Amino acid sequence: MFRFSLLLLCILMSSSFAQAEASDNVQLRGSLDNCRIRFELQKVGHVAFIGGSITEMDGYRPMVSELLQKRFPETEFEFTAAGISSTCSTTGAMRLSSDVLSKGPVDLFFIEFAVNDDQDAGHARRECIRGLEGIIQQCRRHNPKMDIVVTYFVNPGMRDQLQAGKTPLSIGAHADVAKHHGVSTIHLAREVAERISAKTLTWETFGGTHPKPAGNRICAAMIDELLSTAWKTPLDDENAEAVPHRTPPKPLDEGSYGNGRFISPEKAKFESGWNWSVPQWESIPGGKRGRFTEIKMLHADKSGEGLTLTFEGRAIGAYVVAGPDAGVLETSIDDGPFEKRDLFHRFSRGLHYPRTVMFESDLKPGPHTLRLRVSPEKNKDSKGTTARIIQFVAN
C-alpha cells in the first residue's frame, strides 16, 4: 500500500510537468462538469473502465481511481473494472450492457481499445468505428449525462507509425468517433512516441504494450491534467445540475453497434451434438484463463452438428473462446447460402483465446433466423474442429 501511495504521490507531484509536456495530447471536448457535480456536490460517483488487458491489469485504472478518491476525499465512489484481456471494441459494444451498464448509471467512463483493435482484432477502419461508436451510443442512451474519456494506448507498430508521422488506423478511427460525439481523449500513444523521439523516454522505461508503473504514471498524469483543465475554475452554483450531452443527428456509421448485446446460447435450438455445459477443461490442451473455465458454454466438436437461433436486428455473431482445436463454423441467415467462419486466431496456437466473430453485420433491420453448423474443414494450423460459444452477439 505504501508503494502504491508513493506512486500516486509521484503522479501528483508531476502534474506541472504533465501540463507542459502532454497538453497537445490531452484533448478536452465539451464539459466534464456532470461527473464533477456528482463527485463534488452530491458526494457520490460511479466510475467505470472498459478495455482489454491494459485496463484489466493493475495499471492506469487503479491509479486513476485513487487519484479521484484523493481529489474528492468525502465522496463515496463505486468503481467498475470491465477490462478483459484480448477483447476488442466489437466485443466491448456487445458486453457493455452486462459488464457495465447493468451496474447502474455511470458518471465518468474511461474507454481503452486502440491497441486491441489494432493487434488483436486487426480491424478495418469500419469495425473500429462501429465498435467504439456503438459503445458511446449505448452509454449516452443509458445515461445522457455520462462523461466519457477515450485513451489511446500504444504497441511497437503503432509507436513506429507515429514516429514516422503517420496515424495508426485504429487511433484515427477512434479519434473521428470521439470528435463526432464530443468526447475527450488522451493521446498517450503520440505522447510516448514524441518523448521517445526527443530521447526523454525509452520504450523499455515506458514498459511496452502493457506498460510498467512508469508508463502507467504517464497516462494517469495526462488524465489528471485533463481533469485539472476541465475543473480549473470553481463550480458557480452549489445547486448546479448535470445536463445531457449533445447527440449528433447521425452516427458516423449507420451500422455502428449501438444496439450491441449478448443473446444467451440457451435460446438456440440445437441438436444432441451440442452441449450447454462447462467444458471438461482439464482434458483439453492449451492455456486457459480463469474467467472462462467455470462458465457454461455451448460447445461441439463434430462436423455437421447444427443449431438455429432467431434474433432481431442488423447483425449477428458469436463471442467465443478459440483454442488450439478451434474449428470452422458454417452460417446461413434466413435460409441463404452457408458461409464459412474460421474461429482459429493466430493467438489460438497455445491459448483458448476470447474473440468475437461476426457472421453478418449489414442485414435489414427486423427478425432473422441464423442456421449454424460445425464444418468438417479446419484451419491448417488448428488441431480440431471444436466450437465453444460463450454468447451469441447481435446488434
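In table form, for the structure just shown:
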{"quantity": "Which of Glu238, Glu254 has the fewest Cβ neighbours within 10 Å, and the rest in rising order", "calculated": "Glu238, Glu254"}
{"quantity": "Computed lengthening from Ser277 to His180, 0.36 nm per intervening residue step minus Cα-Cα distance", "calculated": "30.6 nm"}
{"quantity": "Residues Leu307, Leu96, Leu169, sorted so that the one with the fewest Cβ neighbours within 10 Å comes first", "calculated": "Leu169, Leu307, Leu96"}
{"quantity": "Evaluated at q = 0.06, 0.08 Å⁻¹: base-10 log I(q)/I(0), Debye formula over Cα of the chain", "calculated": "-0.25, -0.44"}
{"quantity": "Inter-centroid distance (Cα atoms) of region 256-304 relative to region 311-386, Å", "calculated": "12"}
{"quantity": "Loop GluC sites (Glu not before Pro), region 279-321, which have at most 16 other Cβ atoms in a 10 Å radius of their Cβ (DSSP)", "calculated": "Glu294"}
{"quantity": "Dipole of the chain [Lys/Arg +1, Asp/Glu -1 at C-beta], most positive-end residue of Phe262, Gln137, Leu298", "calculated": "Leu298"}
{"quantity": "Over region 2-230, relative contact order from alpha-carbon pairs under 8 Å, at least 6 apart, %", "calculated": "28"}
{"quantity": "Space enclosed by the convex hull of the alpha-carbon atoms of region 2-230, per residue, Å³", "calculated": "110"}
{"quantity": "Kirkwood hydrodynamic radius over Cα pairs of region 259-395, then Stokes diffusion coefficient at 10 °C and 1.306 mPa s, in µm²/s", "calculated": "107"}
{"quantity": "Lys267 versus Phe347: modelled label distance in nm, points set 7 Å from Cα along the beta carbon direction", "calculated": "2.8"}
{"quantity": "Loop sites in region 183-276: trypsin sites (Lys or Arg not before Pro), DSSP, at most 11 other Cβ within 10 Å", "calculated": "Lys199, Lys232, Arg246"}
{"quantity": "Taking all pairs of distinct alpha-carbon atoms in region 143-198, Kirkwood radius in angstrom", "calculated": "12.0"}
{"quantity": "Order of Phe359, Phe262 - criterion: other Cβ atoms within 10 Å of each residue's Cβ, fewest first", "calculated": "Phe262, Phe359"}
{"quantity": "Distance in nm between pseudo-label sites at Thr247 and His142 (7 Å out along the Cβ direction from Cα)", "calculated": "1.5"}
{"quantity": "In Hz, Karplus ³J(HN,Hα) per residue of region 30-38 (6.51, -1.76, 1.60; θ = phi - 60°; x = Gly, Pro)", "calculated": "x, 10, 10, 6, 4, 5, 4, 4, 5"}
{"quantity": "Rounded to the nearest 20 debye, dipole of the chain from Cβ charges on Lys, Arg, Asp, Glu", "calculated": "580"}
{"quantity": "Of Lys70/Lys232; Lys269/Lys383; Lys269/Lys340; Lys179/Lys250; Lys296/Lys340, pairs whose Cα-Cα distance is over 23 Å", "calculated": "Lys269/Lys383; Lys296/Lys340"}
{"quantity": "FRET efficiency, 1/(1 + (r/R0)^6) with R0 51 Å, evaluated for Arg371 and Leu41 via beta carbons", "calculated": "0.40"}
{"quantity": "Cα centroid of region 28-54 to Cα centroid of region 131-151, whole Å", "calculated": "12"}
{"quantity": "Backbone N under 15 Å from the Arg126 label point (7 Å along Cα→Cβ), restricted to region 243-261", "calculated": "252-257"}
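Where a number appears in this text, it was derived from the coordinates with a stated rule and is not lab data. Everything quoted here is computed from the prediction, not taken from an experiment. All Cβ positions, even for glycine, are placed from backbone atoms using ideal geometry, and neighbour counts span all protein chains on display.
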